[in-house]
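Please treat every number below as a calculation from the coordinates, not as lab data. Quick caveat: nothing in here was measured; it's all calculated off a predicted structure. Neighbour counts run over all protein chains shown; Cβ positions are idealised from the backbone, glycine included.
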Amino acid sequence: MPHANGTTNGGSSLRLPVPGSTKAFWHTELHDLADHRSTPELPKECEVLVIGSGYAGASVAYNLAKSASTLPNSIVILEARQACSGATGRNGGHLRPDLYGHIPNYIKRYGVEAGGEWAKFEIAHVQAIKKLVAEEDIDCDFTLTRTTDCWADEEAARKAKANYDLMTSLGLPYMEDVDFVYGPKAAGVSGVKDANASATYTAGTIFPYKFIMALLARALDSGKVNLQTNTPATAIHDDPAGGFVVETPRGSIKAKKIVHASNAYVSGLLPEYEKSIVPCKGVCVSITVPEGKTAPYLTNSYIVRDGDKVLSYLIPRDDGSIIVGGTAAIFYPHLEQWYNNTDDSTMIAASEGYYDSFMQRTFRGWEDSEASVSKAWTGVMGYSWDSLPHLGEVPGKPGQYVLAGFNGHGMPVIWLAAEGIAKMVATGKSYEDVGLPWIARTTEERLQKAQKGPEGGDILA
Ligand SMILES: Cc1cc2nc3c(=O)[nH]c(=O)nc-3n(C[C@H](O)[C@H](O)[C@H](O)COP(=O)(O)OP(=O)(O)OC[C@H]3O[C@@H](n4cnc5c(N)ncnc54)[C@H](O)[C@@H]3O)c2cc1C
């Protein structure tokens, strides 16, 4: 069935990012490359075609450009809208590894070693990105910080404590970085008024749009990458001469290899991922304190779960403003407003208004701040049926690679995933040989499970 935008791909629906998206705070000042086309015409051919210019596509292109064997102009990036206009340019800027959220599930499913390996993979992103930002001298407000988790609901606090005890009992060394406080002290330690439990550990915060646009700029500076914005890939055919022909509204391009980095939209061109990676909307806002008013500076980032178990992720910015997103528990029952939905041109009605007075309600000392929402926007994530991203060569499609399905949690996953995928593409090495965690490998078995399993899998569990 054709999608509302009227394009199809061999009978399956091709979903493209919609026009007129809500404007994220991060896009207040657009980068010079926002509408960039390296050449006025689409190149006729390339070695590697990358579909998508968010965190995943930009990181793969950057890593490929660094590869010694890459030829000039051999990598082309197709981007349907402006550069970095998808989830990456609309997220919460929270580079927070998951130490005990999904990890207990992964341990149950795949064993302690595999769950621990995945946690270590996420943790490694904090230092890897710190190093990259320093080496490339990227102005993107990267801050190495502690993240504070808070639970207000008593039952949720008890469960968090039990989870923490379980994780520490497994002897996973990274748990030593977690400082868990249970009971009345949690509010004082965290600054969150109703907290009944809190935990802190090492994380980062970042200006995601500036980070990725700088990576794209460095990739273009190499002379090896050609960026074509406002140019969606609409269909892929095998080229009888070898490789692929990719269609766009501006003509077609031949490519020897393809990297699918379109995340939420990936099943448009790879229909086998339709059940495995589902587009789901999320919401974010920026909150500012009016001139003449003051509020305590927050230095940590936060995940706050209120008394109704509504989760918000929050980062402070150095001008005292706050970026916060979440509210899934409120809009969850209204599936039509967020599930299998690519419309980031509208807000999510069910949770509108939640962030009015959020800081006053939540944090000590903010009561008289008159802090208010100055911008609100939505973005579309690729939610994964089994919570893990899909990384590697597309099953049964040699020469096509995928990195997608990062949920609301791509920041501590994508950089090293992209480094691995770029190595596979550049050298022909296998998934195992590039050292990516095995549990995230895209396989026929995972695709089949999502086809046959309950609708939505972990997303709707
Ligand atoms: C509101 C919100 C808050 C979030 N907060 C956080 C957070 O704080 N921390 C965290 O870790 N994660 C967060 N995330 C998730 C994170 O942003 C994503 O996991 C990550 O940005 C995914 O990067 P990506 O490059 O795979 O996808 P995207 O950034 O979405 O990039 C995909 C690109 O592909 C393009 N595209 C799609 N189809 C085509 C096509 N056919 N042809 C060409 N181009 C195409 C799109 O336009 C888009 O630019 C959040 C996401 C949202 C929406």
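Numbers for the structure displayed
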| read-out | value |
| --- | --- |
| Sequence of Val246, Val18 once ranked by neighbouring C-beta atoms within 10 Å, starting from the fewest | Val18, Val246 |
| The chain, helix-only ellipticity at 222 nm - DSSP H runs n ≥ 4, -39,500 (n - 2.57), divided by all residues, nearest 500 | -7500 deg cm²/dmol |
| Fully extended contour minus Cα-Cα distance, from Lys397 to Thr427, at 0.36 nm per residue | 9.1 nm |
| Alpha carbon centroid spacing (whole Å) that separates the range 210-267 from the range 274-323 | 33 Å |
| Proximal lysines to Lys423, defined as alpha-carbon separation beneath 24 angstrom and excluding residues fewer than eight positions away on the same chain | Lys66, Lys120, Lys130, Lys131, Lys224, Lys254, Lys256, Lys257, Lys397 |
| Within straight-line cross-link reach of Lys193, lysines at Cα separation under 27 Å, skipping those fewer than 8 residues along the same chain | Lys159, Lys161, Lys185, Lys293, Lys309, Lys375 |
| Of all DSSP beta bridges in the chain, antiparallel share, percent nearest 5 | 70 percent |
| Sequence-separation-based contact order of the chain, relative, with Cα cut under 8 Å and 6+ spacing, percent | 22 percent |
| Cα-based Rg and Dmax for the range 195-257, where Dmax is the largest Cα-Cα distance (Å) | 19.9, 64 |
| Burial ordering of Lys224, Lys185, fewest other beta-carbon atoms within 10 Å first | Lys185, Lys224 |
| Helix 55-66 axis, angle to the chain major axis (alpha carbon atoms, nearest 10°) | 60 degrees |
